[in-house]
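As structure tokens, the structure follows; a few thoughts come after it.
The values are calculated or read from the model by the stated rules, or taken from the named source; none is laboratory data. All of these numbers come straight from a predicted model, not from anything done at the bench. Quick reminder, even Gly has a Cβ in these numbers, built from the backbone with ideal geometry, and neighbours come from all protein chains shown.
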Amino acid sequence: MSNNQDFHRIYVASKNGWQFVRENHTSLYDCGWSDSYYDRKPSPHYGCECDGDKRVDVTDSESVKEYMTGFNDNQKSGARRWVKPSKEEIEKEKKEQEKHERMRDSARRSYVSEPNYYY
């Protein structure tokens, strides 16, 4: 997108309200993108209590379309914050952690048990 087109998009969006400017935190686009990223179900809104703003749920088609654009863009990108690990992955991680703890404890015992003759 050229700078002129980008400027025009931001200008038109800002005339409609700050919630349509995609670069704004807690805009419709940003909230849609974030809900997808954190694996939440679509719930068209803008604003966020976390920033002291008021969450505003929306139902008009233009607002829902902007929110869903952000949601779908993130779905396409595949970006996710966290994916629940499988039982096998949890068990493997637990065994690795126990192995490292045994190695650490063994190293501590050998270090502490050796007498220091250099006093």
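Which residues, taken from region 52-89, are assigned to a helix (DSSP H, G or I), surrounded by 10 or more Cβ atoms within 10 Å (Cβ to Cβ) and acidic (Asp, Glu)? Scanning region 52-89 gives GLU62, GLU66, ASP73, GLU89.
Annotation: of all residues in region 28-48 being at pLDDT 90 or above and buried (at least 22 other Cβ atoms within 10 Å of the Cβ), the one that is nearest to GLN75 (Cα to Cα) is SER36.
The residues of region 90-117 that are part of a helix (DSSP H, G or I) and modelled with pLDDT under 80, listed by number, are SER106, ALA107, ARG108, ARG109, SER110, TYR111, VAL112, SER113.
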